[in-house]
Amino acid sequence: MIERYDLIFESHILFLKEKLVRMNKDVSKFFSALLRSPGMNEDVKITMKLTRRDILLLDEIIEIGVNSEELKGVLSPEWSQGLKTISGQLLEKAEISEEFMASYKDSFGLKKSV
C-alpha cells in the first residue's frame, strides 16, 4: 500500500516538473510584474493545518521552482532564499529532518537538494 502512495507521489512530482518546464516567457513576465507590485513585501500571518504529505509535496514544489531555469529570471536570490527558508520551517514544524528527505530521495534515485 505504501509503494502505491510513493508511486502516486512521484507521479505528482514528475507532472509538476513538466508543467514548470512548459512555462513560457509571457508567464514569467506576468509573475515578475506581480511579485514587484505594491504591497507584495508586506508580512502576512497565516494559520493553517497541513498534513505531512502536503508539506512534503509543497517542499518539492518549492525546490523545483527555485531551481527552475524558467523562474531564475523572475525570482531574485533573496526570494529564492526566502522560499527555501519557508520550506525549511514547514519541514521543521512537521518534524521532518533533512536527513530523512535525503535518504528518501536516495531510495528513489532522485537528485539531492542544491
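Computed quantities for the displayed model
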{"read-out": "Residue match in segment 94-102 (condition: among the aliphatic types (A, V, I, L, M), surrounded by 10 or more Cβ atoms within 10 Å (Cβ to Cβ), at pLDDT 90 or above and more than 15 Å from the chain's Cα centre (by Cα))", "value": "yes"}
{"read-out": "Cross-chain or 6+ apart pairs with Cβ under 9 Å, segment 84-111 first and closer than 17 Å to residue 52 by Cα and basic (Lys, Arg), then modelled with pLDDT of 75 or more and part of a loop (DSSP other than H, G, I, E, B)", "value": "93/50"}
{"read-out": "Filtered residue count, segment 63-82, keeping only those that are closer than 21 Å to residue 37 by Cβ and within 8 Å of the chain's Cα centre (by Cα)", "value": "2"}
{"read-out": "Residue that is among the small types (Gly, Ala, Ser) and on the phi > 0 side of the Ramachandran plot, where the choices are 88, 39, 65, 82", "value": "39"}
{"read-out": "Criterion: modelled with pLDDT of 80 or more and more than 23 Å from residue 91 (Cα to Cα) - qualifying residue of 32, 37", "value": "37"}
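The values are calculated or read from the model by the stated rules, or taken from the named source; none is laboratory data. Only a predicted model underlies this, so the values are computations on that prediction, with no experimental measurement involved. Because the Cβ atoms are built from the backbone with ideal geometry, glycine has one as well, and the counts that use them run over all protein chains shown.
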